[in-house]
1. Of the residues that make up the range 174-194, is at least one more than 21 Å from residue 217 (Cα to Cα), assigned by TED's automatic domain parsing to the domain that holds residue 122, within 21 Å of the chain's Cα centre (by Cα) and in a loop (DSSP other than H, G, I, E, B)?
2. What single numbered condition from (1) in a helix (DSSP H, G or I); (2) closer than 13 Å to residue 200 by Cβ fails to hold for residue 170?
3. Quick one: count up the residues across the range 117-141 that are in a strand (DSSP E or B) and surrounded by 17 or more Cβ atoms within 10 Å (Cβ to Cβ).
4. What is the residue count in the range 142-159 for residues that are exposed (fewer than 15 other Cβ atoms within 10 Å of the Cβ) and over 14 Å from residue 126 (Cα atoms)?
5. Hey, residue 163 hits all of (1) assigned to a loop (DSSP other than H, G, I, E, B); (2) out of contact with any strand residue (DSSP E or B) (no Cβ under 6 Å at 6 or more places or on another chain); (3) surrounded by 16 or more Cβ atoms within 10 Å (Cβ to Cβ) but one; which does it fall short on?
6. What are the residues in the range 191-219 that are crowded, with 20+ Cβ neighbours inside 10 Å and in contact with a helix residue (DSSP H, G or I) (Cβ under 7 Å, 6 or more places away or on another chain), if any?
């Protein structure tokens, strides 16, 4: 496409090269080439500033304004993707750090081959539920009344409805917290971090079982609004 006739910051800008450089800079950042990240990042923003000046220059040619606009869009998109990727990595790292610190040395998560020692009979957990489910547990002796399916539980203590709903990413707000001891021998997987779901951030600790979970209720408490 040639070299733009506009002189910015004392030098000509070759936009077709800069468009390729923008992609190269994004790749360099993603793969973590530490020595080039700083220079690429600063140079990229410098080029964006130059591109904005040309784009807003009423005397710039149409082609130069189109190319500068393309560069601005390419850089901003790449920058957003890098920031979003870093945020996701930080979230996953924090979640597993919390899981390891509060629930055990390993985070089994959803791996069905990973069974933590906490799955043994006599382990104590907490489940947040409705008052109706608590009534059913008292009658049947089983969480969720022993209905086939996955049963979630945690070791996190919450006093409020909002805290339990958000950290455990629950589909419906619970009304009570129930601490219990397992008295049969279901296979319980965990601990693992609660992922985002139902519009909630998660980050709590979860355990789960596909088996009926028979319990002895130790205590329960009403959750505050």
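1. Checked the range 174-194: at least one residue is more than 21 Å from residue 217 (Cα to Cα), assigned by TED's automatic domain parsing to the domain that holds residue 122, within 21 Å of the chain's Cα centre (by Cα) and in a loop (DSSP other than H, G, I, E, B).
2. (1)
3. Count: 5.
4. Qualifying residue count for the region: 5.
5. Status for residue 163: all satisfied but (1).
6. Matches in the range 191-219: 191, 192, 193, 194, 204, 205, 207, 213, 215.
The values are calculated or read from the model by the stated rules, or taken from the named source; none is laboratory data. This structure is a prediction, so every number in the text was calculated from the model and none was measured. Cβ coordinates were reconstructed from backbone atoms using ideal geometry, including for glycine residues, and neighbour counts include every protein chain displayed.
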